[in-house]
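Q: Take a look at the following structure, please.
What follows is calculated from the coordinates using simple rules that are stated; it is not laboratory data. All values reported here derive from a predicted model rather than from experimental measurement. Every residue, glycine as well, gets a Cβ built from its backbone with ideal geometry; the counts of neighbours run over all protein chains shown.
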Amino acid sequence: MSIAAPAIRLAEVGQVFGKDDGSAVTALARLSFDVGQHEFMAVLGPSGCGKSTLLRLIAGLVFPTSGQVEVYGLRVSEPRDDVGIVFQRPTLLPWFDVLGNVTFPLRHKYGRVDAKDRERAKTLLDLVGLAEFADKQIDELSGGMQQRVAIARALLLDPDILLMDEPFSALDALTRDEMSFELLRIWSERPKTVLFITHSIPEAVLLADRIVVMTPRPGAVREILDVPLARPRSLATLSDPAFTALANHIRSRLFTRHAA
């Protein structure tokens, strides 16, 4: 019986960036892990450890100096339609309304958007709770609402894999919590393989099936942790002793200089 390839595989990946003065910065060193199909994996690590570089390697926006990045068993050599990306900021286009922003990937790829495409976009806006805002301008939306538009846009081509680069980091604490639960709802209704970059330990524990804890630069895997919390998750999850124990363990791994 054959075993299906993971959705994402990184094998001994290294990434070195050259600088204008001739020196070099090693962002990643011998980074290896797999992400299973429809798994929600979070990546945690200190600033500058290469988390965003990792995401861009999987997206095919940059290519590794050493090692190999695979999606569904194929080496990543270019951006793929079955990989969607949500960045830290929504990067929406102010000259389009909300619906126009969601349908923009189709306009960019094919040069047109038909009635069927617009209906699919409206369905996605309903999924993210913005059905009644389809004709609104971007500057009429709050930060959290704009990020919901960005998520709907990333889902338009129905990607199998969703890469999320600290998508809620610019939001206030209350909106960030709300968006975390909203993302859990969307993921449960439309399962995707998700790689979620974050600096927030509670956010990672709430969302993920597994968590990759990275070392300081050059980024490598310090530890990969299973999240022992039942799904679906709710506000009650935040007070689960297993939630607190795992969050404290991760803090002890990341903040070794401050450990008792």
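Q: In terms of the Cα gyration tensor, with a ≥ b ≥ c the square roots of its eigenvalues, is region 1-148 rounded because a/c is under 1.5, prolate because a/b exceeds b/c, or oblate?
A: Prolate, since a/c reaches 1.5 and a/b exceeds b/c.
Q: Still on this model: What residues have an amide H closer than 5 Å to that of residue 219, excluding those fewer than 5 places away on the same chain, when H is modeled at 1.01 Å from N in the peptide plane?
A: 28, 29
Q: Mind listing the phi-derived Karplus ³J(HN,Hα) values for region 91-104, rounded to whole Hz, using 6.51, -1.76 and 1.60 with θ = phi - 60°, and x for any glycine or proline?
A: 6, 8, 9, x, 7, 10, 6, 4, 4, x, 5, 5, 7, 4
Q: What list of ³J(HN,Hα) values in whole Hz, one per residue of region 134-141 in order, does the Karplus curve 6.51 cos²θ - 1.76 cosθ + 1.60 (θ = phi - 60°) give from phi, with Gly and Pro shown as x?
A: Running phi through 6.51 cos²θ - 1.76 cosθ + 1.60 with θ = phi - 60° gives 4, 9, 7, 7, 4, 6, 8, 9 Hz.
Q: Taking N as the number of residues in region 1-76, what value does Rg over Cα atoms divided by 2.2 N^0.38 Å take? Spell out each step's value before the answer.
A: Numbers: Rg = 13.6 Å, N = 76, 2.2 N^0.38 = 11.4 Å.
Against the empirical 2.2 N^0.38 Å value, I get 1.19 for region 1-76.
Q: Same structure again: Where the centre of each part is set by its Cα atoms, how far does region 156-182 sit from region 72-107, in angstrom?
A: Their Cα centres are 14 Å away from one another.
Q: Short version: what are the Cα gyration tensor semi-axes of the chain, square root of 5 times each eigenvalue, largest first, in whole Å?
A: Gyration-tensor ellipsoid for the chain: 30, 23, 18 Å.
Q: Residue by residue through region 202-210, what is 3J(HN,Hα) from phi via Karplus (6.51 cos²θ - 1.76 cosθ + 1.60, θ = phi - 60°)? Round to whole Hz and write x for glycine and proline.
A: Values per residue, Gly and Pro as x: x, 4, 5, 5, 5, 8, 8, 7, 9 Hz.
Q: Can you tell me the equivalent ellipsoid semi-axes for region 141-228? Use √(5λ) from the Cα gyration tensor, largest first, whole Å.
A: Semi-axes from the Cα gyration tensor: 22, 16, 13 Å.
Q: Here's a follow-up. Would you calculate the separation in nanometres between label points at residue 136 and residue 95, each defined as 7 Å from the Cα along the Cα-to-beta-carbon direction?
A: In this crude label model, residue 136 to residue 95 measures out at 2.3 nm.
Q: List the residues whose amide H sits under 5 Å from the amide H of residue 214, counting only those 5 or more places along or on another chain, with H placed 1.01 Å from N in the peptide plane.
A: 44, 45, 222
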